[in-house]
Amino acid sequence: MSDTETRDFIRKIIYDDLESGKHDEIVTRFPPEPNGYLHVGHVMAICLDFGVAAETGGRTYLRLDDTNPGKESPEFVEAIKNDVHWLGFDWGDRLTHASDYFDRLYESAIELIEKGVAYVDSLSADEIREYRGTLTEPGRNSPYRDRSVEENLDLFRRMYEGEFADGEHLLRARIDMASPNMNMRDPAIYRIRHIPHQNAGDKWCIYPMYDYAHGLSDAYEGITHSLCTLEFEDHRPLYDWFLDQLQPEHRPRQIEFSRLNLAYTITSKRKLSMLVEEGVVSAWDDPRLPTISGMRRRGYPPAALRAFVKRAGVTKKDKLIELGALETCVRDVLGDIAPRRMAVLRPLKVVLTNYPADQVEMMEAMNHPANPDFGTRELPFSRELWIEQDDFMEDAPRKFFRLKPGGEVRLRFGYIIRCDEVVKDDQGNVVELRCSYDPDTRSGTGTSDRKVKGTIHWVSCGHAVDATVRLYDRLFIEANPGAVEDFHEVLNPNSLEVVSARLEPSLAELAGADAVQFERLGYFCRDSEDDRDDAPVFNRVVTLRDSWAKLEKAALGN
């Protein structure tokens with residue numbers, strides 16, 4: 001199949017525009033509002049906006065849509081920039097803000113008033129809602145709709161000079177209060193807000209509305225294709241109306257695509273903010289959140305996110321994508337690049353009674369079973385070892401091939417051992433296994449042809465690194481928590497489990513950005529925020545297999 005046949009509908013439009021000569025260069029923009037952290041839904045937009053421009057030799061602007069100063073902050077601005085860079089994209093010298101154009105937007109508003117298509121309204125917020133009508137009933141004209149051009153110019157100038165209180169007046173477009181599209185019923189252009197701006201300072205006390213500022217900012221920057229999610233489809237007539245009235249030099253085209261909705265997550269900034277403010281999660285970068293910073297802290301590689309949005313595709317149809325699809329992309333990337341290490345998450349002590357108490361052997365271990373270029377490392381082996389509690393069962397079924405009383409198992413890269421005695425505490429809990437090892441069965445020596453069915457991992461007690469390990473699961477138990485009236489009711493009480501683990505010595509030196517596979521357990525990385533050299537903290541990136549697959553398919557009707 002040719003590249004042309006596999007292009008999504010947006011790329012087909014863009015390539016057709018290039019081939020027809022409509023555009024010599026493609027210019028796009030990614031316009032996030034700095035009122036929160038970016039999330040997985042933004043990954044699709046980032047990859048699309050920057051991707052199509054890069055493919056065609058074009059340019060992309062990173063524009064901060066800072067028209068609502070009451071909810072925006074420099075913290076969110078820096079987080080957005082970090083996230084876009086981390087995903088692998090660069091805007092060069094094209095970092096802009098909607099506030100960069102406040103003077104031009106103000107002048108354009110005056111032009112609209114002078115043309116008689118904008119007016120200052122003095123209705124209250126409640127009255128404006130009442131006059132607006134409903135989806136089935138037309139709106140009514142404001143009694144202030146027919147003010148003269150001179151009166152509107154005077155009032156708007158006084159709004160700008162700070163004479164009026166918040167909400168006392170509003171600049172509106174004069175379009176059609178009977179329009180079936182609610183967005184065209186004399187929408188607001190400017191509102192009064194006596195709030196300092198995080199980028200523009202104290203200069204302004206009136207701020208433009210998004211629908212007005214966005215299309216004109218696109219035009220000022222020479223954007224050729226303004227790519228938006230489907231909720232802006234009904235706003236496109238208004239986008240075009242402002243361009244029709246003001247006739248800027250450049251005319252961008254708005255095209256809508258479906259949002260990337262991920263199962264078992266929410267991407268509403270308002271709801272994400274609630275989770276942070278209520279302490280349900282630790283911060284915006286909590287590894288359970290679908291924020292880009294949360295996924296980065298958890299250990300998701302940027303290549304996996306890029307692969308995921310490519311697999312999801314650019315369409316016009318809204319859909320809820322299985323979280324397992326994202327996790328599969330993470331496994332696909334980490335499977336090739338993550339070295340293997342041994343760690344015990346729930347330790348159970350094993351004492352090899354016939355192994356010399358003062359002896360330590362160094363076992364050669366492969367760093368990656370499928371790639372010899374990763375080399376090998378040495379693991380200390382001693383009389384006392386840690387194994388996983390789950391790798392021993394006292395009353396084991398017939399097909400349990402791990403350790404059991406009288407049973408044998410191979411220690412990976414080590415020896416075959418046999419469980420001879422089970423030690424319990426006063427409450428009957430198993431606290432120690434006394435075992436014997438077969439000295440002729442050391443891995444790689446070829447001195448014995450004995451074989452056993454089970455192989456388990458281990459860590460030497462005297463050489464182990466104590467660590468805290470966080471085991472993350474889905475934050476919600478409902479596939480579409482955004483559709484639930486109160487999403488708090490479907491929070492997963494087991495979304496985080498913290499265990500005290502024992503790790504092989506090499507993991508003490510692992511860099512924070514590097515992910516490893518804990519053999520038989522999953523992929524893990526050191527936490528970038530709470531980690532300390534004397535007490536390392538590891539996050540589980542993803543399990544080795546998708547244990548939710550059947551449940552998720554059933555929940556999504558697949």
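Name the pairs whose Cβ atoms lie under 6 Å apart, with the first residue in the range 500-513 and without any contact (Cβ under 8 Å) to a residue 24 or more places away in the chain, the second surrounded by 11 or more Cβ atoms within 10 Å (Cβ to Cβ) and part of a loop (DSSP other than H, G, I, E, B), and 6 or more positions between them or separate chains?
G512/S528
Mind listing whichever residues of the range 395-429 are among the basic types (K, R), surrounded by 15 or more Cβ atoms within 10 Å (Cβ to Cβ) and within 42 Å of the chain's Cα centre (by Cα)? Give the steps one after another, and end with the answer.
Within the range 395-429, the subset among the basic types (K, R) is 398-399, 402, 404, 410, 412, 418, 424.
From what is left, the residues that are surrounded by 15 or more Cβ atoms within 10 Å (Cβ to Cβ) are 402, 404, 410, 412, 418.
Once the filter is applied, which keeps residues that are among the basic types (K, R), surrounded by 15 or more Cβ atoms within 10 Å (Cβ to Cβ) and within 42 Å of the chain's Cα centre (by Cα), the range 395-429 yields R402, R410, R412.
Looking for whichever is outside any loop (DSSP other than H, G, I, E, B) and either farther than 19 Å from R502 by Cα or hydroxyl-bearing (S, T, Y) (or both) here; the options are R410, R377, R450. Which one fits? Steps first, answer last, please.
Working: R377 fails: either farther than 19 Å from R502 by Cα or hydroxyl-bearing (S, T, Y) (or both); R450 fails: outside any loop (DSSP other than H, G, I, E, B).
Being outside any loop (DSSP other than H, G, I, E, B) and either farther than 19 Å from R502 by Cα or hydroxyl-bearing (S, T, Y) (or both) holds for just one of R410, R377, R450, which is R410.
Here is a list of conditions, (1) modelled with pLDDT of 95 or more; (2) surrounded by fewer than 19 Cβ atoms within 10 Å (Cβ to Cβ); (3) assigned to a loop (DSSP other than H, G, I, E, B), and E127 meets all of them except one; can you say which number that is?
If we test E127 against (1) modelled with pLDDT of 95 or more; (2) surrounded by fewer than 19 Cβ atoms within 10 Å (Cβ to Cβ); (3) assigned to a loop (DSSP other than H, G, I, E, B), just (3) comes out false.
Count, please, the residues in the range 229-264 that happen to be basic (K, R) and in contact with a Pro (Cβ under 8 Å, 6 or more places away or on another chain). Even if it seems obvious, please write down each step before you answer.
Taking the range 229-264 and keeping what is basic (K, R), we get 236, 251, 253, 259.
Still in the list and also in contact with a Pro (Cβ under 8 Å, 6 or more places away or on another chain): none.
Final tally of qualifying residues: 0.
Taking only pairs six or more apart or across chains, which ones have beta-carbon atoms under 6 Å, a first residue in the range 130-149 that is within 14 Å of D176 (Cβ to Cβ), and a second residue that is acidic (D, E)?
S142/D121
Being under 34 Å from the mean Cα position of the chain (by Cα), closer than 30 Å to A312 by Cβ and either part of a loop (DSSP other than H, G, I, E, B) or at pLDDT below 95 (or both) is the requirement here; does E256 meet it? It would help to see each step written out before you state the result.
Numbers: under 34 Å from the mean Cα position of the chain (by Cα): yes; closer than 30 Å to A312 by Cβ: yes; either part of a loop (DSSP other than H, G, I, E, B) or at pLDDT below 95 (or both): no.
Criteria not met by E256.
Would you check if Y15 is assigned by TED's automatic domain parsing to the domain that holds K81, in contact with a Gly (Cβ under 9 Å, 6 or more places away or on another chain) and buried (at least 17 other Cβ atoms within 10 Å of the Cβ)? Can you show your working first?
Numbers: assigned by TED's automatic domain parsing to the domain that holds K81: yes; in contact with a Gly (Cβ under 9 Å, 6 or more places away or on another chain): no; buried (at least 17 other Cβ atoms within 10 Å of the Cβ): yes.
In short, no.
Wholly within the range 174-233, which strands (runs of 3 or more DSSP E) include no fewer than the required count, namely at least 1 residues that are in contact (Cβ under 8 Å) with a residue 12 or more places away in the chain and under 26 Å from R11 (Cα atoms)?
Hits in the range 174-233: 225-229.
If N35 satisfies every condition in (1) crowded, with 16+ Cβ neighbours inside 10 Å; (2) modelled with pLDDT of 95 or more; (3) assigned to a loop (DSSP other than H, G, I, E, B); (4) touching a Ser or Thr at 6+ places or on another chain (Cβ under 9 Å) but one, which is the exception?
Against the list (1) crowded, with 16+ Cβ neighbours inside 10 Å; (2) modelled with pLDDT of 95 or more; (3) assigned to a loop (DSSP other than H, G, I, E, B); (4) touching a Ser or Thr at 6+ places or on another chain (Cβ under 9 Å), N35 comes up short only on (2).
Given the criteria touching a Pro at 6+ places or on another chain (Cβ under 7 Å) and small (G, A, S), does G88 qualify?
Details: touching a Pro at 6+ places or on another chain (Cβ under 7 Å): yes; small (G, A, S): yes.
Spelling it out, G88 is indeed touching a Pro at 6+ places or on another chain (Cβ under 7 Å) and small (G, A, S).
Residue under question is S460, and the condition is that it be over 30 Å from L289 (Cα atoms) and out of contact with any helix residue (DSSP H, G or I) (no Cβ under 8 Å at 6 or more places or on another chain); does it hold? I'd like the intermediate steps shown before the answer.
Details: over 30 Å from L289 (Cα atoms): yes; out of contact with any helix residue (DSSP H, G or I) (no Cβ under 8 Å at 6 or more places or on another chain): yes.
Considered against the rule, which asks whether it is over 30 Å from L289 (Cα atoms) and out of contact with any helix residue (DSSP H, G or I) (no Cβ under 8 Å at 6 or more places or on another chain), S460 comes out as yes.
Within the set of pairs 6+ apart or on separate chains, which have a first residue in the range 462-479 that is surrounded by 18 or more Cβ atoms within 10 Å (Cβ to Cβ), a second that is basic (K, R) and in a helix (DSSP H, G or I), and C-beta atoms under 7 Å apart?
Hits for this filter: Y472/R298.
Please go through (1) touching a Phe, Trp or Tyr at 6+ places or on another chain (Cβ under 9 Å); (2) not assigned by TED's automatic domain parsing to the domain that holds E78 for L230 and return the number of the only condition it doesn't satisfy.
Exception for L230: condition (2).
Looking only at the range 38-73, filter to residues that are over 24 Å from W284 (Cα atoms) and polar (S, T, N, Q); which one of those is surrounded by the most Cβ atoms within 10 Å (Cβ to Cβ)?
This residue is T60.
For the structure I just gave you, tell me whether P248 is in contact with a Phe, Trp or Tyr (Cβ under 8 Å, 6 or more places away or on another chain), touching a residue at least 12 places away in the same chain (Cβ under 8 Å), surrounded by fewer than 22 Cβ atoms within 10 Å (Cβ to Cβ) and over 24 Å from D8 (Cα atoms).
Yes.
Considering the range 100-124 alone, what residues qualify as being outside any loop (DSSP other than H, G, I, E, B) and over 18 Å from P208 (Cα atoms)?
Taking the range 100-124 and keeping what is outside any loop (DSSP other than H, G, I, E, B), we get 100-114, 118-121.
Within the range 100-124, no residue meets the criteria.
What number of residues within the range 47-74 satisfy the criterion of being in a helix (DSSP H, G or I) and either over 17 Å from the mean Cα position of the chain (by Cα) or within 25 Å of L216 (Cβ to Cβ) (or both)?
So the first thing to find is which residues in the range 47-74 are in a helix (DSSP H, G or I), and the list is 47-55, 69-71, 74.
Filter again for either over 17 Å from the mean Cα position of the chain (by Cα) or within 25 Å of L216 (Cβ to Cβ) (or both), leaving 48-55, 69-71, 74.
Matching residues across the range 47-74 total 12.
Filter the range 146-173 down to the residues that are assigned to a loop (DSSP other than H, G, I, E, B) and crowded, with 16+ Cβ neighbours inside 10 Å, then identify the one that is farthest from the chain's Cα centre (by Cα). First the steps, then the outcome.
Within the range 146-173, the first condition is being assigned to a loop (DSSP other than H, G, I, E, B), and the residues that meet it are 146-148, 161-169.
From what is left, the residues that are crowded, with 16+ Cβ neighbours inside 10 Å are 147, 164, 169.
Numbers: R147: 48, F164: 42, H169: 39 Å.
Here the residue is R147.
Could you tell me whether any residue of the range 329-336 is among the hydrophobic types (A, V, I, L, M, F, W, C), under 25 Å from N480 (Cα atoms), buried (at least 21 other Cβ atoms within 10 Å of the Cβ) and not assigned by TED's automatic domain parsing to the domain that holds L48? Walk me through how you get there before you give the answer.
Quick first cut of the range 329-336, residues among the hydrophobic types (A, V, I, L, M, F, W, C) only: 329-330, 333-334.
Filter once more, so that each one left must be under 25 Å from N480 (Cα atoms): 329-330.
Going one step further and asking which of them are buried (at least 21 other Cβ atoms within 10 Å of the Cβ), we end up with 329-330.
Okay, now just the ones that are also not assigned by TED's automatic domain parsing to the domain that holds L48, so 329-330.
There is at least one residue in the range 329-336 that is among the hydrophobic types (A, V, I, L, M, F, W, C), under 25 Å from N480 (Cα atoms), buried (at least 21 other Cβ atoms within 10 Å of the Cβ) and not assigned by TED's automatic domain parsing to the domain that holds L48.
Can you pull out every residue in the range 504-524 that is of a type outside the set (A, V, I, L, M), in a helix (DSSP H, G or I) and touching a strand residue (DSSP E or B) at 6+ places or on another chain (Cβ under 8 Å)?
So in the range 504-524, the residues of a type outside the set (A, V, I, L, M) come out as 504-506, 509, 512, 514, 517-520, 522-524.
From what's left, in a helix (DSSP H, G or I): 505-506, 509.
Correct list: P505, S506.
For L243, work out the one condition from (1) modelled with pLDDT of 95 or more; (2) crowded, with 22+ Cβ neighbours inside 10 Å it doesn't fulfil.
Here L243 clears every test but (2).
From the list D391, D373, which residue is closer than 20 Å to R346 by Cα and either in the same structural domain as V360 (by TED's automatic domain parsing) or out of contact with any Asp or Glu (no Cβ under 8 Å at 6 or more places or on another chain) (or both)?
On the way: D373 fails: closer than 20 Å to R346 by Cα.
From the options D391, D373, the qualifying one is D391.
The values are calculated or read from the model by the stated rules, or taken from the named source; none is laboratory data. The shown structure was predicted, so the numbers you read here are calculated from the model rather than taken from an experiment. With ideal geometry, Cβ positions are generated from the backbone for all residues, glycine too; neighbour counts draw on all protein chains shown.
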